[in-house]
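Read the structure below first, then the notes.
The values are calculated or read from the model by the stated rules, or taken from the named source; none is laboratory data. The structure presented is a predicted model; accordingly, all values stated were derived computationally and were not measured. Neighbour counts are summed over all protein chains in view; Cβ atoms, including those assigned to glycine, are modelled from backbone coordinates with ideal geometry.
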Amino acid sequence: MLRLSRRQMASLEDDLGGLPSRVRTALRNLTAANPIDGDEGRHGRQRVTRIWMPGLDARPWWDPVRVGLGGWQGGLCLRLMKEAMLLVRAGVATRPYERSTSPPPSDYPTPLAQGWRVLALIEDGVWSYAMARRAAQGLALLDRLPWYPGDAMYSVLRASTAIPPHHGLDNLCLTIHLPLVAPRGAALTVAGSSREWRLGQPLVFDDSFEHSAVNPAAHDRIVFLVDVWHPGLSEVERRAWRCIVQRCKALYRGRS
């Protein structure tokens, strides 16, 4: 796992003009010597390997309303589905999902799953401007959500494939799946609890819990996947973390 030196941490705090107290506590985990600590509110099934933010509500599944999703997304899901189909028919190539700008946990399969393919607007905080120019509906969704500098993508799980158990690197965000093509039996499992995707019905989960997916059907499952800020973070904390996460990823890219 990438860690910050004490000098880098001090420089970061100077650049930000100080840090909120919870952020400062969490940053101790990114110094060279300290392990993950401060497990206030931690759920026994969470697995965090990069940043642990104390005091955030920890649950595997979340009500979509808590992250800004209400009744408005039904029509958008239809437009997203049409956009995904147009991209595929236009020959825009999907590729296997792999983290490229953050060090993955040591127990990650590489690639995570051959059957998991993506058309990414944003991957691990890095924009694909070529893709964004072709994905107006995806951009329209991002405009309405408190998106986190993680992933925003059309996510394809091929027929008769599965994604093995894995987990995110921190507890700063939640992940939304907006189902666009939802074959019967295709399901997401988070912390041992499974839910099937249903067309137009969003699933929201905390990816710091171990999760996996399966598509036993004869055709692909497609969702629009986007990471959003955990609703327990204040706007000041979000601004601080946005800077910190980008700084850490830049350091990792410089070392890899």
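Screening R253 with (1) in contact with a Gly (Cβ under 7 Å, 6 or more places away or on another chain); (2) at pLDDT below 95; (3) farther than 17 Å from M81 by Cβ gives one miss only, at (1). Once the range 123-141 is narrowed to residues that are touching a strand residue (DSSP E or B) at 6+ places or on another chain (Cβ under 6 Å) and touching a residue at least 60 places away in the same chain (Cβ under 8 Å), the residue that is farthest from V181 (Cα to Cα) is G125. Suppose we keep only residues that are at pLDDT 95 or above and surrounded by 14 or more Cβ atoms within 10 Å (Cβ to Cβ) within the range 192-202. Which one would you say is farthest from C77 (Cα to Cα)? The residue in question is R195.
For first residues located in the range 1-25 and basic (K, R), partners that are at pLDDT 80 or above and lie 6+ apart or on another chain with Cβ distances below 7 Å form the pairs R22/M53; R22/P54; R22/G55; R22/E237.
Could you tell me whether any residue of the range 35-54 is in a loop (DSSP other than H, G, I, E, B) and modelled with pLDDT of 85 or more? Yes.
Against the list (1) within 30 Å of A250 (Cβ to Cβ); (2) in a strand (DSSP E or B); (3) not β-branched (V, I, T), the condition L145 fails is (2). Taking (1) surrounded by 22 or more Cβ atoms within 10 Å (Cβ to Cβ); (2) within 18 Å of G75 (Cα to Cα); (3) modelled with pLDDT under 95 in turn, D151 satisfies each apart from (2).
So is Y129 closer than 21 Å to L188 by Cβ and either surrounded by fewer than 17 Cβ atoms within 10 Å (Cβ to Cβ) or aromatic (F, W, Y) (or both) or not? Spelling it out, it is not the case that Y129 is closer than 21 Å to L188 by Cβ and either surrounded by fewer than 17 Cβ atoms within 10 Å (Cβ to Cβ) or aromatic (F, W, Y) (or both). On inspection, V190 qualifies as at negative phi, touching a His at 6+ places or on another chain (Cβ under 6 Å), outside the structural domain of R50 (by TED's automatic domain parsing) and touching a residue at least 12 places away in the same chain (Cβ under 8 Å).
Assigned by TED's automatic domain parsing to the domain that holds L76, surrounded by fewer than 17 Cβ atoms within 10 Å (Cβ to Cβ), over 18 Å from I51 (Cα atoms) and in contact (Cβ under 8 Å) with a residue 12 or more places away in the chain, is that true of P216? Yes, satisfied.
Of the residues making up the range 148-163, those that are assigned to a strand (DSSP E or B) and under 23 Å from R198 (Cβ atoms) number 10.
This table checks each residue for (1) polar (S, T, N, Q); (2) in a strand (DSSP E or B).
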position	(1), (2)
P165	no, yes
L178	no, yes
T189	yes, yes
D207	no, no
V223	no, yes
V226	no, yes
R239	no, no
K249	no, no
